[in-house]
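Working notes, beginning with the structure itself.
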Amino acid sequence: MKRLLQLHLSLVKYLLVEIPKKKNLKDLIKFLKETITRYAKVMLQEYKNVWLVFDTDYQTQKKQYEKMQQLKVDLKRCVKMLEYIDTQMVKEGKNRQEIRQFWLDFTKNGQVRKEVFDQLMKEIR
């Protein structure tokens, strides 16, 4: 409701500024026709959005979508953190044995680790 009120107020302000700028009747009619067309499209979309609030299927799909998007963000952060840990261990000069010990059963060598990271990044995208 607040959004609809803001749209109407913005429309009135826009019309009050733009109408005096029109020189002749032909320009005024063209301007009003374009404005009404844009206004009708925006209002139609707003009413669709209002009705979607009452649609339970849409709401469940929207929640699932938002949950998946948050999961993607979290997964990207986790992958970046694992890559950071791995590069830090290499920068610190740890040998392969220490890196293997750190990752335990996660991987057997650096190539497999890199492939797993690449595969996860592809799944995220």
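How many nm separate the modelled label positions at LYS76 and ASN95, each set 7 Å beyond the Cα in the direction of the Cβ?
Placing both labels 7 Å beyond Cα along the Cβ direction yields 3.9 nm.
Out of all Cα-Cα pairs in the chain, roughly what percent, to the nearest whole number, are more than 24 Å apart?
Tail fraction, whole percent: 62.
Convex hull volume of the Cα atoms in the stretch 1-53, per residue, in Å³?
Looking at the stretch 1-53, the number lands at 51 Å³ per residue.
May I ask you to evaluate 6.51 cos²θ - 1.76 cosθ + 1.60, the Karplus curve with θ = phi - 60°, for each residue of the stretch 50-67 and list the ³J(HN,Hα) values in order in whole Hz, giving x for glycine and proline?
Result, ordered by residue: 5, 6, 5, 4, 8, 7, 5, 4, 4, 5, 5, 5, 5, 5, 5, 4, 5, 5 Hz.
Between VAL53 and LEU7, what is the label-to-label distance in nm when each label sits 7 Å out along the Cα-to-Cβ direction?
That separation, rounded to one decimal, is 1.3 nm.
Taken together, the values in this text are just the output of simple stated rules run on the coordinates, not laboratory data. This structure is a prediction, so every number in the text was calculated from the model and none was measured. Every residue, glycine as well, gets a Cβ built from its backbone with ideal geometry; the counts of neighbours run over all protein chains shown.
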